[in-house]
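The values are calculated or read from the model by the stated rules, or taken from the named source; none is laboratory data. As the structure is a prediction and not an experimental result, all values here were calculated from the model. With ideal geometry, Cβ positions are generated from the backbone for all residues, glycine too; neighbour counts draw on all protein chains shown. Side chains included, ligands, DNA and RNA excluded: accessible areas come from the protein's heavy atoms. Shrake-Rupley method; radii C 1.70, N 1.55, O 1.52, S 1.80 Å.
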Amino acid sequence: MGDIEAPDSSQQPRQSVLMSVLPSKEFATSRKGMLLIAEGALSFISFVCFAASAAAAFVTVPLLAFLASIFFLFAYSTKFNERFKGFCFPLMDFIRCVTSSIIFFIISIMAVSKYPDGSSKAAGIFGFIATIVFALDFYVIFNELAGFLKQGGESNEEPAGQRDDFSDSDSD
C-alpha cells in the first residue's frame, strides 16, 4: 500500500509537457499568432468538409495549408526561426500565404459552383474565409518586408513583426 502515488504528483509532469508544446500566451494573442491560429483552424475545417464531400479531390490543399500553418505557428512561437539564419522565414511565410490564398480561392470557386452537396458548399465557404485570412496575412507580411527593405536591409534583424516582441503596436 505504500507504493501508491499521490494523484497530484503525476499531473504536474503532464501539464508541463503540454505547456511546452503549446504556444505562449503572448504569441497566441499577438496579431501574427492569431492569424496563424485562424489559418490553421480554417484549413482544418475546410479539410474536414472536403473529406466528407463529393469534392474530395480538393482535400490535399487544405491539409497542406493546415500543416504549413501549424509548422509556422510553432516555428514562430518557439523562436525556431531565429536559430536558422540561413532561411528567410518571413519570405517563406509570405510565399506560403500567397500560394495558399490563390489556391484556396480557386478550389473554393470550383467547390461552390460545380458540386451540389452541402459539405462541398460548406468547404467552399470556409475556403473563401480562409482566402481572406491568408490574404490579410500576406498583406501584413508584405508591409513588414517592404519596411525592412526600405531601410536597406542593413541590420541583421528580421522584419518588425518577426522579432522577440509580440506586441500589436506599430512602429511606423
Q.
Regarding the range 106-117, can at least one residue be identified that is touching a Leu at 6+ places or on another chain (Cβ under 9 Å) and of a type in the set (D, E, K, R)?
A. no
Q: Test each condition in (1) open to solvent by less than 30 Å² (accessible area, probe 1.4 Å); (2) part of a helix (DSSP H, G or I); (3) in contact (Cβ under 8 Å) with a residue 60 or more places away in the chain for Ser53 and report the one that comes out false.
A: (2)
Q) Taking the range 3-50 as the region of interest, how many residues are open to solvent by 80 Å² or more (accessible area, probe 1.4 Å), in a loop (DSSP other than H, G, I, E, B) and modelled with pLDDT under 65? A) 3
**Q.** Residues being loosely packed, with under 15 Cβ neighbours inside 10 Å, polar (S, T, N, Q) and not in a helix (DSSP H, G or I) - total across the range 76-122
**A.** 0
Q.
Just checking, does the range 77-84 include any residue being at pLDDT below 95, closer than 16 Å to Ala130 by Cα and in contact with a Phe, Trp or Tyr (Cβ under 8 Å, 6 or more places away or on another chain)?
A. no
